[in-house]
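Trainee: Just dropping this structure here.
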Amino acid sequence: MALSDRIGHLFDAIHPAQRGPFSYKEVSEAIEAAGGPTISATYLWQLRKGIRDNPTKSHLEALARFFGVPVVYFFDDDAAAGIEEQLNLLAALRDAGVQQVALRAVGLSDRSLAAIQSMIEQARQLEGLGDPDHETATKRRKS
């Protein structure tokens, strides 16, 4: 996958719920405000469109920090494939109000993810909520 596609996917997948993607200006200002390198909105647009395709390492690190992904996302196809799956899941979950949980789970071991799942199941029981997998299957059968 080309660098421009990866950057585009970050813009498309990672943004606050109930609004569209961040503008190039928002990203550029946030990177600079966080002490990152100067990166113009125009340059971000050029990277996303593939007009420019050789950013500095510091620019890629700043983009990775802003979007909350490991910088290896830009360099390693295998790592990028796994991160793409997580980004797709994140985009699907965004409007369901669980984005922060999903973001914090990125990079955790299978053991840690299982522990989190167990905690969520316990919280559902405490709240008197049923098994969402069972409820979804029941709804499908009724349809």
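The values are calculated or read from the model by the stated rules, or taken from the named source; none is laboratory data. Here the structure is a predicted model, which is why all the values come from computation and not from measurement. For neighbour counting, all protein chains shown are included, and Cβ atoms are generated from backbone atoms with ideal geometry for every residue, glycine included.
Trainee: What number goes with the only condition from (1) in a loop (DSSP other than H, G, I, E, B); (2) surrounded by fewer than 16 Cβ atoms within 10 Å (Cβ to Cβ); (3) of a type in the set (V, I, T) that I39 does not pass?
Mentor: It fails just one condition, (2).
Trainee: When you scan the range 60-143 for helices (runs of 4 or more DSSP H) that lie fully inside it, which ones turn up with 3 or more residues that are in the same structural domain as A13 (by TED's automatic domain parsing), modelled with pLDDT under 85 and surrounded by 10 or more Cβ atoms within 10 Å (Cβ to Cβ)? Outline the logic, then answer.
Mentor: Values: elements: 77-94, 99-105, 110-126, 132-142.
Filter on the range 60-143 gives 77-94, 99-105.
Trainee: Continuing with this model, one more query. Filter the range 6-54 down to residues that are in contact (Cβ under 8 Å) with a residue 12 or more places away in the chain and under 12 Å from F74 (Cβ atoms) and give me whichever is nearest to the chain's Cα centre (by Cα).
Mentor: L10
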